[in-house]
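Trainee: Have a look at this one.
What follows draws every value from the coordinates through simple rules; no lab data is involved. Bear in mind that the values here come from a model prediction, so they are computed numbers and not experimental data. Positions of Cβ are backbone-derived with ideal geometry, glycine not excepted, and every protein chain shown enters the neighbour counts.
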Amino acid sequence: MTTNPTKPAAKKLSMQQRYSALTRDIDWTPSYVSEEEMYPHTSYEGIKIHDWSKWDDPFRLTVDAYYRYQAEKDKRLYAVLDGFAQGQGHLTLSDPAYLNAMKIFIGGVTPLEYQANRHFAYLSRHFNGPGPRFAALCQSVDEIRHAQTEIHTLSNYNKYYSGMHNFAKMHDRVWYLSVPKSYFDDALSAGPFEFLIAIGFSFEYLLTNLLFVPFMSGASFNGDLPTMTFGFSAQSDESRHMTLGLEAIKFLLEQDEANVPIVQEWVDKWFWRGYRVTAIIAMMLDYMLPRPVMSWKESFELYFEQQMLGGLFPDLAYYGIRPPAGVEQAIWEKDHLSHLVYNTFYQFSHAANITTSVPTQDHQQWLAAAYPDSFDAVYRPKWDKLEKMDAAGNRFFYPGLPQLCQVCQIPMVFPEHGQGDKICERHSDFNGEHFNFCSDHCKWIFDREPEKYVQAWMPVHQIYQGACGGPTIPDVLAWYGYAEGDSGEMVGNVDHVNWKKWHAQVDDSLAGREQMEASLAADGVGVKEAAK
Amino acid sequence: MTATDTRPVSVDIQETEDNRALIEAIEADNEELTINHIPGLVKLQAPGRLVINRASVEERLGRTWETHEFQMAIVTLAGNISEWDEDRIVLSWGHLARD
């Protein structure tokens, strides 16, 4: 209905028109300052942009649609969280050991969401074009939503289980959490275009599926409905972020041919940096889900080899981009990665905020079926040996500190490409100092920007320099903010014992206590010992 | 059409009651669809191209459905979003011409 009959009724704008009105029509050309003064960060990386209006968002997202759907996603999630908490849902998990994966998640991933929120907020001011500014703004708001919903989701478990109570401090201090932290710090301290390739393209597009999809499916299979729900809720934003990442790389490649070699180096660097961080996901998928869903090998083949190498990279070849250096090695390593990493955590879990144990025989059978080329031949004998030591009362923890790779900060446990039995070690000297690397690709990353990587905060070096609370392991763990039950062997741990107690109560039988004692005794834990 | 056009595109959708109509609409409109179930989600894959039509979803849902609502259902995708307007969403590989 219109109040002015002489004027035809305004037609509702199409999605494309609304998007364009939002992202183009509210932009202006500065007149009091030059464009360079207004956007000071977008020229020093050598990237040439001729026409910012060529940036396109296939989602055609506008503010009203964005907030409407995000609010709906949150409503659904919080309904699940409430129901789960009220119904004592934590007791329906497959096993308390499952939560070790969540301890890694809240210490390793959630703080990255917050960092992403901060940096995308910054970029939403600093790109010259309104299209990428608005996309960065939406992603920034998404990321704070992810950080908040993850903390809310896991706070319910924190009431009952150890290892999560101090996640923000642990993220800054704990040795293995420096792996994801340093990865993100590396991206935050790069220029705006490199950040887009690092986080938008490499992390969100190439690798995010490996983190969220099979893992959240695992949460579903192990009774963790809240995590499944936040995971899929976050991942629905992720598909937008993937689109942004893909748009970013195509936009840079189309703008100027001189951008191609710069972007190729970033793709090489950030694939490898991201791939090394996903080593921890490999371990979670293969060893930390009491009911495993999909092996690392299978997810890597499906989500990386098939979808990215098979689908995406032929498209990027059109612009002169080849698959990242390091891809061949990553493909070869898929038979080894998770086994090496969990073995390392097994030996160092007295100093981690998680507990570990030798995988059960059933679980080892699953691993053997998932890894026919490597598990029985190489890794089962290692577990047999560790199990024997444990049974003899000599549970093995590594008594020293490991040598770390200067770039990925992971202990140097990775093999030479193609040689499962030989550890790879590479070195560079810079300004009279000696640096170690786990692979040719980490060494290449260092040699390309040594001034940057010599400044890395290396957890082991910091401990030796006396910067982490004191010279002994208990001093360091106190400085990490650990409490009793956060670390060590899983069997007999406070979470394990509580779990048996709570289930004895839930069973509500007169024999409940006896059953609990018998069950703990079967695990080799005395009740008196457990009560400590 | 070139040989590369048969590279698989896919969407992973949360397997919920709300999404059943959407999944059925995609099944009906894409002849060579492969469907795989993973706990909590369903993976729909098609060679080269996958289309989601608003009208097909509405027919099965019994109410109006905006293509924006697809964002509530999707977990991840492989392929370019080559079209997204009021009436349909198309995923495909291949180089896109820019306007």
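Trainee: Does region A:204-252 come out rounded, prolate or oblate by the C-alpha gyration tensor, with a ≥ b ≥ c the root eigenvalues, rounded set by a/c under 1.5 and, if not, prolate when a/b is larger than b/c and oblate if not?
Mentor: Prolate is the answer for region A:204-252, as a/c is 1.5 or above and a/b outweighs b/c.
Trainee: Right, next: If I model a spin label at A:Asp429 and A:Lys54 as a point 7 Å from the Cα along the Cα→Cβ vector, what separation in nanometres do I get?
Mentor: Placing both labels 7 Å beyond Cα along the Cβ direction yields 4.7 nm.
Trainee: What whole-number distance in Å separates the alpha-carbon centres of region A:126-152 and region A:56-103?
Mentor: 18 Å
Trainee: What's the extension gain from A:Glu484 to A:Gln17 if we count 0.36 nm per residue and subtract their Cα-Cα distance?
Mentor: Here the segment from A:Glu484 to A:Gln17 would lengthen by 162.3 nm.
Trainee: Sticking with this one: Across every pair of different alpha-carbon atoms, what Kirkwood hydrodynamic radius in Å does the protein assembly as shown reach?
Mentor: The answer is 26.1 Å.
Trainee: Select from B:Asp29, B:Asp85, B:Asp12 the residue whose mean-square fluctuation is largest in a Gaussian network model of chain B (Cα-Cα springs shorter than 10 Å).
Mentor: The residue that fluctuates most here is B:Asp85.
Trainee: Given the -39500 (n - 2.57) contribution per DSSP H run of 4+ residues, what per-residue ellipticity at 222 nm results for chain A, rounded to the nearest 500 deg cm²/dmol?
Mentor: Helix-only estimate at 222 nm: -16500 deg cm²/dmol.
Trainee: Let's test the formula: R0 of 35 Å, r as the Cβ-Cβ distance of A:Met389 and A:Lys75. What FRET efficiency results, to the nearest 0.05?
Mentor: Calculated value: 0.10.
Trainee: Evaluate peptide A:205-215: per residue, the Cβ atoms of other protein chains within 10 Å of its Cβ; return the mean as an integer. Don't jump to the answer; show the numbers that get you there.
Mentor: On the way: counts 0, 0, 0, 1, 5, 0, 0, 3, 7, 3, 0.
For this peptide, the per-residue mean of nearby foreign Cβ atoms is 2.
Trainee: Please order A:Lys48, A:Lys75 by the number of other Cβ within 10 Å, starting at the fewest. Write out the running numbers ahead of the final one.
Mentor: On the way: A:Lys48 13, A:Lys75 9.
Fewest-to-most Cβ neighbours within 10 Å comes out as A:Lys75, A:Lys48.
Trainee: Please identify, among B:Ala25, B:Ala78, B:Ala46, the residue showing maximal mean-square fluctuation in a Gaussian network model of chain B using a 10 angstrom Cα cutoff.
Mentor: Greatest mean-square fluctuation among the candidates belongs to B:Ala78.
Trainee: Please pull out the direction-averaged projected area of region B:3-92, using the convex hull of its alpha-carbon atoms, in nm² to one decimal place. The partial results should precede the final answer.
Mentor: Working: hull surface 21.3 nm².
So the Cα hull casts an average projection of 5.3 nm².
Trainee: Let me know the mean shielding of B:78-89 by other chains, meaning the per-residue number of their Cβ atoms within 10 Å of its Cβ. Write out the running numbers ahead of the final one.
Mentor: Details: counts 10, 5, 8, 10, 1, 1, 9, 4, 5, 1, 0, 2.
For peptide B:78-89, the averaged partner shielding equals 5.
Trainee: When the Cα centres of region B:40-99 and region A:293-311 are compared, how far apart do they sit, in Å?
Mentor: Each part's Cα centre sits 22 Å from the other's.
Trainee: Another one. Once both labels are modelled 7 Å past Cα along the beta-carbon direction, what's the A:Asp362-B:Glu17 spacing in nm?
Mentor: Roughly 3.1 nm, to one decimal.
Trainee: Among B:Arg49, B:Arg63, B:Arg88, determine the one that fluctuates most according to a GNM of chain B built with springs between C-alpha atoms less than 10 Å apart.
Mentor: B:Arg63
Trainee: Provide, as a two-decimal number, the C-alpha radius of gyration of region A:409-510 over 2.2 N^0.38 Å, N being how many residues it has.
Mentor: 1.68
Trainee: Report the label-to-label distance for A:Lys501 and B:Arg88 in nanometres (one decimal), using points 7 Å from each Cα along the Cα→Cβ vector.
Mentor: So the label points at A:Lys501 and B:Arg88 sit 6.2 nm apart.
Trainee: Using alpha carbons only, how many angstrom separate the centre of region A:402-422 from the centre of region A:347-363?
Mentor: Here the two parts' Cα centres lie 20 Å apart.
Trainee: Using a Förster distance of 41 Å, how high is the FRET efficiency between A:Asp376 and A:Gln515, based on the Cβ-Cβ distance and rounded to 0.05?
Mentor: 0.70
Trainee: With the cut-off at 24 Å, tell me which of the pairs A:Lys385/A:Lys443; A:Lys103/A:Lys501; A:Lys297/A:Lys422; A:Lys159/A:Lys500; A:Lys159/A:Lys297; A:Lys54/A:Lys181 have Cα atoms farther apart than that.
Mentor: Violating the 24 Å limit, Cα to Cα: A:Lys385/A:Lys443; A:Lys159/A:Lys297; A:Lys54/A:Lys181.
Trainee: What is the packing order of peptides A:33-42, A:270-279, taking the mean over residues of other C-beta atoms within 10 Å and listing the highest first?
Mentor: A:270-279, A:33-42
Trainee: Moving to a separate point now. Calculate the mean, over all residues of peptide A:302-315, of how many other protein chain Cβ atoms lie within 10 angstrom of the residue's Cβ.
Mentor: If you average over the peptide's residues, the count of other-chain Cβ atoms is 4.
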